[in-house]
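Following: one structure in C-alpha cells, then a few remarks.
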Amino acid sequence: MPGKKAEGKDSESGGESDSSKAPPPTQINKIKYSGPPHIKKERRQSSSRFNITQNRELVKLPQLKEATQGEREELFIQKIRQCGVLFDFVSDPLSDLKWKEVKRAALQEMVEYVTQNRAVLTEPVYPEVVHMFSVNLFRTLPPTNSPSGAEFDPEEDEPTLEAAWPHLQLVYEFFLRCLESSDFQPSLAKKYIDQRFVLELLALFDSEDPRERDFLKTTLHRIYGKFLGLRAYIRKQINNIFYNFIYETERHNGVAELLEILGSIINGFALPLKEEHKIFLLKVLLPLHKVRSLSVYHPQLAYCVVQFLEKDPSLTEPVIMSLLRYWPKVHSPKEVMFLNELEEILDVIEPAEFQKVMVPLFNQLTKCVSSPHFQVAERALYYWNNEYIMSLISDNAATILPIMFPALYRNSKNHWNKTIHGLIYNALKLFMEMNQKLFDECTQQYKAERMKEKERLKQRLDAWNKVETIARANPDVDQVAKMLDNVSLLNSGLPDTDMDFDDEATAQEPKTNGTNNGGNNIKLSTVNIQEAKKNLDKPLLRRKSDLPTDILTQKSLETYQRADEYLTTPGTDTQNEA
C-alpha cells in the first residue's frame, strides 16, 4: 500500500505531534466501574514507604516574584532544598498538615516560576533540582499482593494509588518543566543525570499508580531526547527489564509505558537498521507476545512491530513466523489480539514478502475461521473486507484458495453462529468472483475428499464391529458383563480434588469389597454413579481477583490530566545516533 509506506517514511523526519504518527497512549483508567455504591473492603498497602524526615517544621519563605533579581537564585535554591523534606501520608495522613501545605505551595510556585521565566536554571540550581527529585521519588516500591493472598491482576484489579501523590505530582511536574525549559543545558545536567539516575528512574516504572507511570514515561522520553550519551544505555536497560519480565517474573506494571516510549524511538531509527535493533525486535518484542498479560500492553507492542516492518520489509517473514509460533491455542481473547496485529502487519506488507509466508499464514487462518469461538472466526473473516489483503489474495489465489476452501465450505453449513454463516458466504462469493474455474475445481476436490473420508470411517466402523463380534463369542462374556456393571468408570480410585472430605471418606469405605474371579482378586469401586456425576458437575474452583469497589480510586484516575497526550519522535539527532 503506497500510501502507508509514505506515511511511515514521513515519520522519520521526527517531531510531529500528529496522533497518527505517535504510538498509542497507555490507558490510565483501565477499569470502568458502574456497580453499586462504595463497599468497604480490606485494602492492600496504600503507598510506598518513604524515609520520613526528622525535622519537618518548614518555614514559609517569601514569594520568588517578590524577591529582587540578585536574591532570586538563592531563594530558589532554598525553596528547592525545603522541598526535599518528606512527610508521612500513610500511617498518619493528618499529621503536619501546615508544613505539608508549605511544601505543596512551594512546589506549585516553582513550577510556575520555571514555566514563566527565563534564565532561572543557573549552574548551581542543577544539582539541587536533581537531588530534590531523587530524595522525593527514588524509593522501594511496595509489594503487589493483596491481603487475601491473591496475586495482583493488572487486567481486573484496581491499582493501588500513592498516598503521597499531592506532593509527588508537583515534583514530577517541576522536574519536567525544567527538562522542557528553553534554558535547560544538558551539558551542565549530565554530571547529575547519569546512568545511575536513569536506572533508579526505570525501577519506578513498576509502580502500580498509572498516574506516576504516565509522568515517568514523559520524563524518560525527554531525557532520551536531550541526553544523546544515555540513549544506548536507556535502550539496554529497557531490554533488561523486558528479559526479566518475559523469562522470569511475567509481572511488571510499566511494560505498556516503556513500549510507548520505544514506539516513538523506533520512529526515528536511521536506515539501514542496525543489527542491534533487529535483535531487539526478534529477541525482545516478539517474545513479549507469549506473556499471559498481553492485553495490558498489546496496542503499544503491535505499534512497535509495525514500525519496524515499515522501515525494513525484509523482517516481515521472521516476524510473522514468530507470531505463528506463539499463536495462542486455548485463549480466544488473545487470539483476537493476534488477528488484529496480523491485519496491521498485512496492511504494510510487500507483495514479495507476502508470498514467503502465505502458506503457513493461511493454514493458521483456516483454524481461526473454524474456531467455535465466534469472535475469533468473525475477526478472521473480516480480513475479506480489507481491500489490500484481498488484492494480495487475488494475486495468489491458486495457492490460497485450496488451503481456505475446505474450512469455509464446511463451516458455511456447520458453524453454530448465524453471523459467521453470512461472513463465510461473503468470503466464498469473493473467491468465486476471483477465479470461477479454480473455485469449481476446489469444490470437486472437496467432495472427493469427503467421499474418501466417509469410506475410511466406514472401514473403521466395520473393523470395530468385527472386534465386537469376536468378543461376544467369548464364553465368559456374561460374567465379564456382570463384573463391569459394578465398575464406576467415573472414579478410578484416585482422590477427587473437587470432593469434600466427607465425600472422600465415604468413597474410601467400599473399596474393601472385591470380586473373586478365578483366583484373581480384583478390587472394584462401588461408588454411587449419581454421586460421582454430581462431583463431576461441580464447577472448577478458580481464584478470582478482587473487583474494583473503591470509588475514590476511580475518581482520582478520571480527574488525572496527562502531562503529554502523545509522545513524538525525538529530534533529528536520533537518526544520526540510533
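The values are calculated or read from the model by the stated rules, or taken from the named source; none is laboratory data. The model shown is predicted, which means the values in this text are computed figures rather than measured ones. So basically every Cβ, Gly included, is an ideal-geometry build from the backbone, and we count neighbours across all protein chains shown. All accessible areas refer to the heavy atoms of the entire protein, side chains included, with ligands and DNA or RNA removed. Shrake-Rupley method; radii C 1.70, N 1.55, O 1.52, S 1.80 Å.
How much of the accessible area of segment 131-266, probe 1.4 Å, is carbon plus sulfur, in whole percent? It would help to have the intermediate numbers written out before the result.
Values: 2240 of 4620 Å².
On segment 131-266, the fraction of accessible area on carbon and sulfur atoms equals 49 percent.
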Pairs from LYS65/LYS103; LYS21/LYS311; LYS236/LYS290 whose Cα-Cα separation, in the structure shown, is over 19 Å: LYS236/LYS290
Sulfur and carbon atoms: percent of accessible area, segment 372-439 [1.4 Å]: 54 percent
Sorted largest first, extent of segment 340-418 alpha carbons per principal axis (Å): 37, 24, 19
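Given charges of +1 on the Cβ of Lys and Arg and -1 on the Cβ of Asp and Glu, with all other atoms neutral, how large is the dipole of segment 187-288 about its Cα centre, in debye to the nearest 20?
In debye, rounded to 20, segment 187-288 gives about 560.
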Which of the listed residues, ASN340, TYR388, ALA377, is farthest toward the dipole's positive end in segment 252-402, when Lys, Arg count +1 and Asp, Glu count -1 at the beta-carbon? ALA377
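Roughly speaking, what is the stretch gain from LYS356 to MET434, that is 0.36 nm per residue apart minus the C-alpha to C-alpha distance, in nm to one decimal? All intermediate terms of the calculation are to be shown ahead of the outcome.
Details: separation 78, 0.36 × 78 = 28.08 nm, distance 2.14 nm.
Value of the extension gain: 25.9 nm.
For the pair HIS331 and ARG472, what calculated FRET efficiency results from E = 1/(1 + (r/R0)^6), where r is the Cβ-Cβ distance and R0 = 45 Å, to the nearest 0.05? Let's see the in-between values first.
Working: r = 46 Å, r/R0 = 1.02.
Efficiency computed from Cβ-Cβ geometry: 0.45.
Based on the Cβ-Cβ distance from GLU565 to GLN459, what FRET efficiency comes out when R0 is 60 Å, to the nearest 0.05? Display every interim value, and only then the final one.
Numbers: r = 66 Å, r/R0 = 1.10.
For R0 = 60 Å, the calculated efficiency reads 0.35.
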Carbon/sulfur accessible area of segment 283-325, % of total, 1.4 Å probe, equals 53 percent
Spin-label model distance (nm) - GLU449 vs ASP183, 7 Å beyond Cα toward Cβ: 7.4 nm
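Using the structure shown, list the pairs from LYS418/LYS454; LYS226/LYS555; LYS217/LYS274 with a Cα-Cα distance above 29 Å, or answer none.
On the way: LYS418/LYS454 27 Å; LYS226/LYS555 35 Å; LYS217/LYS274 25 Å.
Where the Cα-Cα span goes over 29 Å, the pairs concerned are LYS226/LYS555.
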Please state the charge dipole magnitude for segment 342-388, taken about the Cα centre, from unit charges on C-beta atoms (+1 on K and R, -1 on D and E), reported in debye and rounded to the nearest 20. 300 debye
For the pair ALA398 and GLU558, what calculated FRET efficiency results from E = 1/(1 + (r/R0)^6), where r is the Cβ-Cβ distance and R0 = 51 Å, to the nearest 0.05? 0.40
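May I ask you to compute the full-extension gain from THR122 to LYS60, defined as 0.36 nm times their residue separation minus their alpha-carbon distance, rounded to one decimal in nm? Don't jump to the answer; show the numbers that get you there.
On the way: separation 62, 0.36 × 62 = 22.32 nm, distance 2.33 nm.
The THR122-LYS60 span can extend by a further 20.0 nm.
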Measuring from its Cα centre, segment 386-455 shows a charge dipole (+1 at each Lys and Arg Cβ, -1 at each Asp and Glu Cβ) which, in debye to the nearest 20, is 380 debye
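Any chance you could run the full-extension gain for ASP312 through ASP194? It's 0.36 nm times the residue separation minus the Cα-Cα distance, nm to one decimal. Write down the numbers at each step before the final one.
Working: separation 118, 0.36 × 118 = 42.48 nm, distance 3.26 nm.
Full extension of this stretch gives 39.2 nm more.
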